[in-house]
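Written out below as structure tokens is the structure these notes cover.
The values are calculated or read from the model by the stated rules, or taken from the named source; none is laboratory data. Bear in mind that the values here come from a model prediction, so they are computed numbers and not experimental data. Note: ideal-geometry Cβ built from the backbone for every residue, glycine included; neighbour counts use all protein chains shown. What goes into the accessible areas is simple: the full protein's heavy atoms, side chains included, and nothing from ligands, DNA or RNA. Shrake-Rupley method; radii C 1.70, N 1.55, O 1.52, S 1.80 Å.
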Amino acid sequence: MEIPSKYNPAKTEDKWYAWWMEKNYFHSEPDEREPFTIVIPPPNVTGVLHMGHMLNNTLQDVLIRRARMLGKNACWVPGTDHASIATEAKVVAKLKAEGIDKADISRDEFMAHAWEWKEKHGGIILEQLKKLGASCDWERTAFTMDESLYESVIDVFVDLFNKGLIYRGIRMVNWDPKAQTAVSDEEVNHKELQSKLYYLKYRVEGEDNYITIATTRPETILGDTAVCVHPEDERFVKFHGKKVVVPLVKRAVPIIQDEYVDREFGTGALKITPAHDIHDYELGLKHKLKTIDIFNDDGTMSEKAELYIGKDRFEVRKEILVDLEKSGSLDKVEDYVNKVGFSERTDAVIEPKLSLQWFLKMGEFAKPALEAVENDSIQFHPKKFKNTYRHWMENLRDWNISRQLWWGQRIPVYYLPDGDFVVAKSAEEALKLAQEKYNPSLTAADLKQDEDVLDTWFSSWLWPISVFDGIRFPDNKEINYYYPTNDLVTGPDIIFFWVARMIMAGQEYRKEIPFKNVYFTGIVRDKQGRKMSKTLGNSPDPIELMNHYGADGVRIGMLLTAPAGNDLPFDPALCEQGRNFSNKIWNALRLVKGWQADEEIPQPESSKLGIQWFESRFNKALASIENNFTDYRISEALMATYKLIWDDFCSWYLEIIKPSYQQPIDAATLESTLLFFEKLMKILHPFMPFITEEIWHLLRERKESDDIIVAKMPVSQQIDNKIIGAFERAEQIIIAIRNVRKDKNIPQKESISMQVKSGEWADCIFNPVVAKLGNIESIEIVDAKPEGALTFTVGAQEYFIPVTDSIDVEAEIGKLQEELKYTRGFLASVTKKLSNERFVSNAPAAVVDKEKKKAADAEARIKVIEEQLKGLG
């Protein structure tokens, strides 16, 4: 079988992914095996692959491939999220480019455009995941707007409403003027900005006196309905019970007193705008103030503002300052740093706004969802995120679940002409319910469905249940088999958005937690520690990376420095390390497959010993890898695998058993080597699926379906630590011999003899290996150092190499004298430290002991050097 000199990732990846798909290896059906289930965190249907997706999905694929090889019924459910705000924004932009305004078309026409866009552009990311090697069950691909998932969301809304947990009310919400919808607190990013603090004078009604207030938003004075001072602030006692006149609009508003006011901020007097600030809103309720909403939904001034009607809020900020200055109402302006909320989806500045919205009561969901994590029924990896989770759960607010959009699950509320409403799964059910509850003569034309849709997270929180249709059919075979799922891999940024809510939904609708483990990835950052983003231009294209380094190379590059919960400082050089690892394994394959077996050759003792050692070394490494997986230390599991292959197998084992140039190898050693190679490829497969499948098929002829993806994962066996310890000493001896050859310019091809001073460690079972790798023609134990020999030590054991003609004795004496001078100086410094009574009595015992050991080692080394000089002199 001809093996190419270089590994070709592109050819290999396409070939094997197509083969796995053809063999249907990714598909799962309920059977008698233990299930292992992961549901993908559904990426936005608008999305394309970025580095965060790469890390998250590589980790999921590692877990699912390993479970498959452990004999479990592995099921990884892929899918996408309809992403209401992001997708609607894309569709609106597309229509605008075509000269169509959303306001000019019907809801049904808009939805047709949205579905058309989704079919054309949606799902790109899932196709990209295939290039990464993601072994998802593509037959199960779900979309949060699929009929079954859509109906599940509607069923849950109806159910929770009937349980009294969903209500409608006017509340202060985070309004996104660009998307023209409410967004949740968690969808607001707060950024620190260099702003201005404007000091404005409000004339006291009927007096020639002023109260000065400070604000960062002068345009909102048009909605002021009070000025508030602290009741104990002596500066303002004389104004209690009076009114001030709001500049420009000349509206008289009361001066109210409340302990909420911070007397140290600004002037100690606050303007109160109940319609546009959450704290002002609460004060307005408390003091029964009038509410004036001065903004339209798009962030322009409404008619209630009286001035600047139809102009954008930020344009008005500039204009109003000119008018305030003209009217003498602008006292001064100061620089000020404050935090401003931005929409996570559109990056528009959030406008606090009173709005009629639907809410879900969260109180009774919180306690059981918190307990599930606190008592480790659900384990977080790393555990530090339990604190973040606890903070969220102990500070829950009711969930604003309505969004002022068209793309999404439409709220199943139907209004009657008189303002009453019914909640039902369909228009037909709504009519029947309305007729029974209100008026038998009502017709379908009398009912009008709510225009809003549900928050995207209101579908995502059902994901582990709805992908198995467990809401509509709670006792179906699939939900009973696959639920609860095993592992969830996600980012800590959506710990409340998604993780907490899925736990709540699972407990509400399955009376069971949705997953057993949550593995939190870190954020992928660049070498400078910056978060990767399109704006900074510091995020590499994952597809280009895979084209350049191969999917396996990129997977390794991502995972080598990605411990759970810690940010990943990504550097393309890591992918190069992954590619180099591929090349190392490929070269090992070419070496092994280039050997010819000879049944007649007896197995050398060095090979027998090498096989014994590697068997135990493999099992010890495998036990460590298994423990790392149990503890979700995936990066550490990979590193242990990497070192086992690169260091132990390639650098040591293959060197031990390698036959002489152009000579055959004994059949027993070759067979053991092929078996080791197969085992190594099996444990590496979850991390590097493509090259391992390729090598699996090049190692031997395979029967139909004998593919590594479904091969049985090795399990650690008995470990002979005595063998491992003996080999570690042999390694040190071999390294020391190589160093002697290098220092003394003795070519490796020139055989030398070695004597070992009699002692506890004189006899090493790995002497045949030492002889082969050190090119030692004879090893003998002696009682004393022979004349004219070089000496080296391993631990307390001395070794001697007789001087040959190729060694420059004078140069060797010079080197030893230099080393003796240095070592005596080092001993003097340590002795001085130990003679210092203050150091000995104050330093920790361990530190003093360490210094004593240094002194003893230096004395021993001096003695050895002096002996060596004596032998050479």
Item to check | Carbon/sulfur fraction of accessible area - the chain, other protein chains in place, 1.4 Å, % | outcome: 49 percent
Checklist outcome for this item: If unit charges are put on Cβ atoms (+1 for Lys and Arg, -1 for Asp and Glu) and the dipole of the chain is taken about its Cα centre, the option from I645, P464, A424 lying farthest towards the positive end turns out to be I645
Checklist outcome for this item: Expected vector for the stretch 831-842, Karplus 3J(HN,Hα) from phi with 6.51, -1.76, 1.60 and θ = phi - 60°, integer Hz, x for Gly and Pro, equals 4, 4, 5, 6, 7, 7, 4, 4, 5, 4, 7, 9
Item to check | Relative packing of peptides 85-93, 268-276 - highest average C-beta neighbours within 10 Å first | outcome: 268-276, 85-93
Next on the checklist: What do you get for the angle between helix 107-121 and the principal long axis of the chain? Use alpha-carbon atoms, 0 to 90 degrees, nearest ten.
Outcome noted: 10 degrees
Checklist entry - Can you give me the Cα centroid spacing of the stretch 132-165 and the stretch 794-860 in angstrom? => result 71 Å
Checklist outcome for this item: If every Lys and Arg gets +1 and every Asp and Glu gets -1 at its Cβ, then about the Cα centre the stretch 584-686 yields a dipole, in debye to the nearest 20, of 400 debye
Next on the checklist: Report, in listed order, any pair from K384/K853; K131/K191; K620/K712; K102/K339; K118/K511 with a Cα-Cα distance greater than 28 Å.
Outcome noted: K384/K853; K131/K191; K102/K339; K118/K511
Checklist entry - So if we plug the beta-carbon distance of E22 and L675 into 1/(1 + (r/R0)^6) with R0 = 30 Å, what FRET efficiency do we get, rounded to 0.05? => result 0.60
Item to check | Neighbour-limited loop hits for chymotrypsin sites (Phe, Trp or Tyr not before Pro), the stretch 494-532 (at most 15 other Cβ within 10 Å; DSSP other than H, G, I, E, B) | outcome: none
Next on the checklist: Can you return the lysines within cross-link range of K785? Criterion is Cα-Cα under 16 Å, with same-chain partners fewer than 8 residues away left out.
Outcome noted: K757, K863, K870
Checklist entry - What translational D, rounded to a whole number of µm²/s, comes out for the stretch 628-785 from Stokes-Einstein when the hydrodynamic radius is the Kirkwood one over Cα pairs, at 25 °C and 0.890 mPa s? => result 132 µm²/s
Item to check | Selection from F826, Y482, F614, by position along the positive dipole direction of the chain (Cβ) | outcome: F826
Checklist outcome for this item: Nearest 10, in degrees from 0 to 90: the angle of helix 667-684 to the longest Cα principal axis of the chain is 20 degrees
Checklist entry - Which residues in the stretch 217-247 have a backbone N closer than 14 Å to a point placed 7 Å from the Cα of N338 along the Cα-to-Cβ line? => result 217-222
Checklist outcome for this item: In order over the stretch 621-631: 3J(HN,Hα) from phi, Karplus 6.51/-1.76/1.60, θ = phi - 60°, whole Hz, x for each Gly or Pro, gives 5, 5, 4, 5, 4, 4, 5, 5, 5, 4, 8
Next on the checklist: Just to be sure I understand: of the beta bridges DSSP finds with both ends in the chain, what percent are antiparallel, rounded to 5?
Outcome noted: 70 percent
Checklist entry - How high is the relative contact order of the stretch 761-840, in percent, counting Cα pairs under 8 Å that sit 6 or more residues apart? => result 15 percent
Next on the checklist: Can you give me the accessible area per residue for the stretch 581-648, using a 1.4 Å probe, in Å²?
Outcome noted: 43 Å²
Checklist entry - Once both labels are modelled 7 Å past Cα along the beta-carbon direction, what's the Q379-T267 spacing in nm? => result 6.1 nm
Item to check | Debye, to nearest 20: dipole size of the stretch 636-704, +1 on Lys, Arg Cβ, -1 on Asp, Glu Cβ | outcome: 60 debye
Item to check | Average accessible surface area per residue within the stretch 39-137, 1.4 Å rolling probe, Å² | outcome: 34 Å²
Item to check | Separation in nanometres of the label points that stand 7 Å from Cα toward Cβ, at D101 and E777 | outcome: 9.9 nm
Checklist outcome for this item: To the nearest Å², the heavy-atom accessible area per residue of the stretch 419-559 with 1.4 Å probe amounts to 41 Å²
Checklist entry - Compactness ratio of the stretch 605-708: Cα Rg over 2.2 N^0.38 Å, N = residue count? => result 1.14
Item to check | Nearest 10 degrees, 0 to 90: helix 634-643 Cα axis against the chain principal axis | outcome: 20 degrees
Item to check | Length released on extending from K361 to E205, taking residue separation times 0.36 nm less the Cα-Cα span | outcome: 51.7 nm
Checklist entry - Sorted by accessible area (1.4 Å probe), largest first, how do K286, K722 line up? => result K722, K286
Checklist outcome for this item: Expressed as a whole-number percentage, the relative contact order of the chain with C-alpha contacts under 8 angstrom and at least six residues apart is 12 percent
Checklist entry - Efficiency by 1/(1 + (r/R0)^6): what FRET value for K833 and K584, r their Cβ-Cβ distance, R0 = 56 Å, to the nearest 0.05? => result 0.80
Item to check | For peptides 373-386, 761-774, sequence by mean Cβ density within 10 Å, most packed first | outcome: 761-774, 373-386
Next on the checklist: So if I place +1 on the C-beta of Lys and Arg and -1 on the C-beta of Asp and Glu, and nothing else carries charge, what would the dipole magnitude of the chain be about its Cα centre? I want it in debye, nearest 20.
Outcome noted: 1680 debye
Item to check | Per-peptide average of other Cβ atoms within 10 Å, ordering 39-47, 309-317, 345-353 highest first | outcome: 39-47, 345-353, 309-317
Checklist entry - How far apart, in nm, are two points set 7 Å out from the Cα along the Cα-to-Cβ line at V848 and at E436? => result 8.8 nm
Item to check | Selected from N57, P42, A97, residue furthest toward positive end of dipole (the stretch 19-159; charges at beta carbon) | outcome: N57
Next on the checklist: Under 5 Å between amide hydrogens, which residues at least 5 positions from V782 or on another chain qualify, with H placed 1.01 Å from N in the peptide plane?
Outcome noted: V756, K757, S758
Checklist outcome for this item: Between E600 and E34, the FRET efficiency computed from the C-beta separation at R0 = 51 Å comes out, to the nearest 0.05, as 0.60
Checklist entry - Over the stretch 234-384, what is the mean sequence separation of C-alpha contacts under 8 Å (at least six apart), divided by residue count, expressed as relative contact order in percent? => result 14 percent
Next on the checklist: 5 Å is the cut-off here: which amide hydrogens, built 1.01 Å from N in the peptide plane, fall below it relative to Q379, excluding neighbours closer than 5 in sequence?
Outcome noted: N517, V518
